[in-house]
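As structure tokens, the structure follows; a few thoughts come after it.
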Amino acid sequence: MKSYRIALIPGDGVGLEITDEAVRVLDVAADIYGFEIETESFDWSCDRYLATGAMMPENALETLTGFDSIFLGCIGDADKVEDHISLEMLLAIRKGFDQYVNLRPIKLYPGVSSPISTATPETVDILVIRENTEGEYSGNGGFFKRGTPDAFALQTGIFTWKGCERTIRYGFEMARSRKKLGSTAPVGRVTNCTKSNALNYSMVFWDEAYDFVARDYPDVETDMALVDALTMWFVKNPDYFDVVVASNLFGDIITDLGAMLQGGMGFAAGGNVNPEGDYPSMFEPIHGSAPKYTGKHIVNPIATIEAIRMMLDNLGESAAANHIESAIKAALSAGETRTRDMGGTNSTIEMGTAVVDAMRATA
Ligand code: IPM
Ligand code: MN
């Protein structure tokens, strides 16, 4: 029997309660599809920081290396540790494991309403490929004369040719292999999210990498949108977009807007993927840790369940992944279970149960 070792990092705030739902869905999928799941949980969090002075141990990456995949709940609790310190852990794993593709599907499930009126299950089906290890997030820079009237801060973006090229290439591969909802075209379109009209080095370089890669994919439609205009078009014409490739910062920003197209942060998940499989990949709901809701069991676990769907897909268990997707759709379109963010009163556990019941019902 196939067996997968999954590392769990629940993190802070509501992390524990959503991780419970992640494990439940994993276990049911394993049961239905005949594989084994072995999980190990790590208490890497702001509480650990307060107790030991570090979010995670020094050998954290070494420890994680032996796992097939990682589930990350949510990190950060600004009342305990400043965000730029606690979140360093997330960035360290992304960079350390060369998870250079941040895979962020944007789709609106039936039965979910979006605050954006153009968004319907028929119009929203976008895949954002965000560069995840460098660019604006390189973490290089410094302070000068801090605390004096002459103080300044320098934050340097680092765009390597390798970093740009491989991320963009992944986007083109996705456009070839996926079938956009409602599309009649044989292959898809890759929109280059850029800002080369103002960022005259980094984004000009990024565009060159895009053009270079595009030559290898004459069958895929090319397209470009400046990031500011893209936010407008995401709202006005979400149906236009297929695959979007973006740098680290731009991809971060447009996927929060994407989450609104999806009905809210309770539905949006992401994969931090090392496509070569040299290191484990990591899957997470992209919402924050909502410390004020800790232990209240009111947050929507769909983003978490969606992260597990992506994880299983990445592990090659695509039948199980598709099964979870169908179960999410069934649970949401039944309309009986609605968490607080959806205007209902059901708990995290009840929503998890609705999905798990739907998985069992069609097993
Ligand atoms: C995300 C988050 C992180 C990011 C933060 C918490 C560092 O916003 O995963 O989208 O900017 O990448
Ligand atoms: Mn973000």
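The values are calculated or read from the model by the stated rules, or taken from the named source; none is laboratory data. All values reported here derive from a predicted model rather than from experimental measurement. Heads up, the Cβs are rebuilt from the backbone with ideal geometry, glycines too, and the neighbour counts pull from every protein chain shown. Quick note on the areas: whole protein, heavy atoms, side chains included, nothing else; ligands and nucleic acids left out. Shrake-Rupley method; radii C 1.70, N 1.55, O 1.52, S 1.80 Å.
Does any residue in the range 263-276 that is on the phi > 0 side of the Ramachandran plot come within less than 8 Å, Cβ to Cβ, of a residue that is of a type in the set (D, E) six or more places away or on a different chain, and which pairs are these?
Close Cβ pairs satisfying both conditions: G264/D341.
Can you find a residue in the range 198-206 that is open to solvent by less than 70 Å² (accessible area, probe 1.4 Å), part of a helix (DSSP H, G or I), aromatic (F, W, Y) and closer than 26 Å to T118 by Cβ?
Checked the range 198-206: no residue is open to solvent by less than 70 Å² (accessible area, probe 1.4 Å), part of a helix (DSSP H, G or I), aromatic (F, W, Y) and closer than 26 Å to T118 by Cβ.
In the range 318-363, what residues are within 25 Å of S69 (Cβ to Cβ), open to solvent by 70 Å² or more (accessible area, probe 1.4 Å) and touching a residue at least 60 places away in the same chain (Cβ under 8 Å)?
Matches in the range 318-363: K329, I349, R360, A363.
Taking the range 52-99 as the region of interest, how many residues are aromatic (F, W, Y) and open to solvent by 10 Å² or more (accessible area, probe 1.4 Å)?
Looking only at that region, the number is 1.
Of the conditions (1) at negative phi; (2) under 19 Å from the mean Cα position of the chain (by Cα), G135 satisfies every one except a single condition; which number is it?
Condition (1) is where G135 drops out.
Filter the range 160-186 down to residues that are within 15 Å of D211 (Cβ to Cβ) and under 22 Å from the mean Cα position of the chain (by Cα), then give me how many there are.
Qualifying residue count, the range 160-186: 7.
Any chance the range 232-246 includes a residue that's assigned by TED's automatic domain parsing to the domain that holds D125, within 16 Å of ligand 1 (Cβ to nearest atom) and within 25 Å of M89 (Cβ to Cβ)?
For the range 232-246, residues assigned by TED's automatic domain parsing to the domain that holds D125, within 16 Å of ligand 1 (Cβ to nearest atom) and within 25 Å of M89 (Cβ to Cβ): present.
Filter the range 126-161 down to the residues that are among the hydroxyl-bearing types (S, T, Y) and within 16 Å of ligand 1 (Cβ to nearest atom), then identify the one that is most open to solvent (accessible area, probe 1.4 Å).
That would be Y137.
Find the residue count for the range 252-273, including only residues that are among the aliphatic types (A, V, I, L, M), within 14 Å of ligand 2 (Cβ to nearest atom) and under 17 Å from F71 (Cβ atoms).
Result for the range 252-273: 2.
Looking at (1) within 14 Å of ligand 1 (Cβ to nearest atom); (2) in contact with a Ser or Thr (Cβ under 6 Å, 6 or more places away or on another chain); (3) within 27 Å of T353 (Cβ to Cβ), can you tell me which one I106 breaks?
Failing condition for I106: (2).
Working carefully through the options T160, T123, find the one that is closer than 27 Å to L332 by Cβ and among the β-branched types (V, I, T).
T123
Any residue in the range 38-45 that is under 23 Å from M265 (Cα atoms) and under 17 Å from the mean Cα position of the chain (by Cα)?
Looking for residues that are under 23 Å from M265 (Cα atoms) and under 17 Å from the mean Cα position of the chain (by Cα), one finds none in the range 38-45, hence no.
So, R176, is that one among the charged types (D, E, K, R), touching a residue at least 40 places away in the same chain (Cβ under 8 Å) and in contact with a strand residue (DSSP E or B) (Cβ under 9 Å, 6 or more places away or on another chain) or not?
no
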